[in-house]
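Structure, as structure tokens:
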Amino acid sequence: MSHHGVSQRIEDERERERLKALLDSSIGEQTLDVSGGFIVRTAAEGVGDEELIGDMHFLLRLWRKVSERKISAVPATVIYDDLPLFMRTLRDVMRDDIEKIRIDSRENFVRLVEFAEEFMPDAVDRIEYYPGERPIFDLYSVEDEIQKALGRKVQLKSGGYLVIDPTEAMTTIDVNTGGYVGHRNLEETIFKTNLEAATSIARQLRLRNLGGIIIIDFIDMEDVEHQRQVLRVLEKALERDHAKTKCTGVTELGLVQLTRKRTRESLEQTLCEACPTCSGRGTLKTPETVCYEIFREILREERAYSAETYMVLASQPVVDRLLDEESAAVADLEAFINKTIRFQVEQHYSQEQYDIVLM
Ligand SMILES: [Zn+2]
């Protein structure tokens with residue numbers, strides 16, 4: 001369809017006007033030599049003019065190419081399919097402020113340059129082949145950064161640290177001073193830690209691609225001027241963010257509220273899955289808790305069936321506890337039901353896992 005429109009799901013009237021005007025002006029400047037139109041989808045909300053125009057130019061070139069192929073293609077040939085990862089990365093991540101894209105595969109480098117020549121001419125000069133011996137991820141400490149960006153704790157140079165906890169409803173970030181801080185310079189140390197935290201938080205939000213509501217608990221500061229400066233540094237650091245980020249103020253309890261537009265999945269959602277041992281809770285029932293579950297389960301079984309003996313299969317720490325700290329309780333239970341209870345370690349069982357076998 002040769003229609004240009006803005007998605008109904010973008011509700012803000014002013015934003016709709018901006019996007020419509022942008023569509024009109026940038027299409028006006030470039031006559032459409034192929035049939036087709038544009039629909040501005042919700043992902044475009046809050047995205048800068050330059051980025052959107054770049055995207056439109058890319059799509060126009062691509063659509064021209066597809067239209068050409070369509071004319072000469074014989075039936076049952078592919079005229080377009082989604083790009084491989086390294087090309088998608090160029091398409092989605094390339095911006096004016098990116099100085100260089102280095103790639104360690106000669107073959108993919110050649111393909112990427114060809115692709116850029118056709119669809120993203122501005123990017124061509126910035127694509128560089130990396131022939132080095134040293135793995136490119138090591139060269140830029142990418143592996144380390146990923147590891148850090150997946151951890152809860154982020155160390156700050158000043159000795160303080162952040163604790164970042166994404167939950168279903170929001171992400172909370174707690175700022176802490178490291179260890180003992182002398183009395184004399186307490187306020188100064190806190191101020192410095194908060195300043196460093198503000199910059200680090202903005203970076204971590206980008207690296208981790210955390211979206212939605214973000215609540216920051218800076219260390220309490222008496223000095224109102226210090227509070228203002230920390231907020232200013234945070235806002236300044238957030239300006240570099242390409243996802244729309246808004247500081248919505250400080251709550252009564254001194255928590256700083258942000259919203260950050262969700263774009264794709266977070267780094268953790270992309271690279272990780274819930275831990276199968278604890279089902280993503282992050283904690284396991286203690287051996288003690290599991291022992292008492294087992295006792296209750298044996299009593300339940302005893303009422304329902306009549307067994308000669310009970311055999312408990314459980315993990316090493318649970319069996320250890322049953323034979324040691326809980327041995328008196330086991331003896332009491334045996335006396336109560338007048339049966340023998342035996343134990344066997346199952347090496348592959350997780351701490352919470354057990355079976356009770358009637359023999
Ligand atoms: Zn776990």
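Worth pointing out:
- Taking N as the residue count of the stretch 212-268, its C-alpha radius of gyration divided by 2.2 N^0.38 Å amounts to 1.23.
- Cross-link check: pairs 148/261; 192/236; 153/285; 157/285 evaluated at a Cα-Cα cut-off of 26 Å; pairs beyond the cut-off: 157/285.
- Peptides 305-314, 337-346 ranked from most to least packed, by the mean per-residue count of other Cβ atoms within 10 Å: 305-314, 337-346.
- Extents of the stretch 260-359, taken as max minus min of Cα coordinates on every principal axis and listed largest first, are 63, 28, 23 Å.
- Derived from the Cα gyration tensor, the three semi-axes of the equivalent ellipsoid of the stretch 28-135 are 27, 21, 12 Å, largest first.
- Label point distance in nm, residue 281-residue 137, each placed 7 Å from Cα along Cα→Cβ: 3.2
- Per-residue ellipticity at 222 nm, computed for the chain from helices alone with -39500 (n - 2.57) per DSSP H run of at least four residues, works out to -14000 deg cm²/dmol.
- The stretch 97-197 - convex hull of alpha carbons, volume per residue in Å³: 180
- Ligands, DNA and RNA left out, the 1.4 Å accessible surface of the chain is 50% carbon and sulfur atoms.
- Estimated at 0.36 nm per residue, the fully extended path between residue 359 and residue 199 surpasses their Cα-Cα distance by 51.3 nm.
- Considering only Cα atoms, the convex hull volume of the stretch 1-81 works out to 106 Å³ per residue.
- Across the chain, the mean sequence separation of Cα contacts (distance under 8 Å, 6 or more residues apart), normalised by length, yields a relative contact order of 9 percent.
- Long-range amide H partners of residue 40 with built H, under 5 Å: 5, 6, 7
- Of the DSSP H helices in the chain, none is both long (alpha-carbon extent of 18 Å or more along the helix axis) and hydrophobic (Kyte-Doolittle mean at least 0.5).
- Per-selection Kirkwood Rh - the stretch 122-168 (Cα, Å, 1 d.p.): 13.8
- Förster-model FRET efficiency, 30 Å R0, residue 34 and residue 241, C-beta, rounded to 0.05: 0.30
- Listed peptides 316-327, 120-131 by packing density, highest first (mean Cβ within 10 Å): 316-327, 120-131
- Per the Debye formula on identical point scatterers at the alpha carbon atoms of the chain, with no solvent, log10 I(q)/I(0) at q = 0.06, 0.12, 0.13 Å⁻¹ is -0.43, -1.04, -1.12.
- Annotation: amide H of residue 211 has no partner in the under-5 Å range at sequence separation 5 or more or interchain, hydrogens built in the peptide plane.
- Largest to smallest accessible area among 248, 171 [probe 1.4 Å]: 248, 171
- For the stretch 150-271, the alpha carbon positions stretch 46, 26, 24 Å along the principal axes, listed from largest to smallest.
- Backbone N under 19 Å from the residue 104 label point (7 Å along Cα→Cβ), restricted to the stretch 137-153: 137-149
- Dividing the mean sequence gap of close Cα pairs (under 8 Å, 6+ apart) by how many residues the stretch 1-81 holds gives a relative contact order of 34 percent.
The values are calculated or read from the model by the stated rules, or taken from the named source; none is laboratory data. This one's a predicted model, so the numbers in the text were calculated from it and none came from an experiment. Every residue, glycine as well, gets a Cβ built from its backbone with ideal geometry; the counts of neighbours run over all protein chains shown. Only protein heavy atoms, including side chains, enter the accessible area calculation; ligands, DNA and RNA are left aside. Shrake-Rupley method; radii C 1.70, N 1.55, O 1.52, S 1.80 Å.
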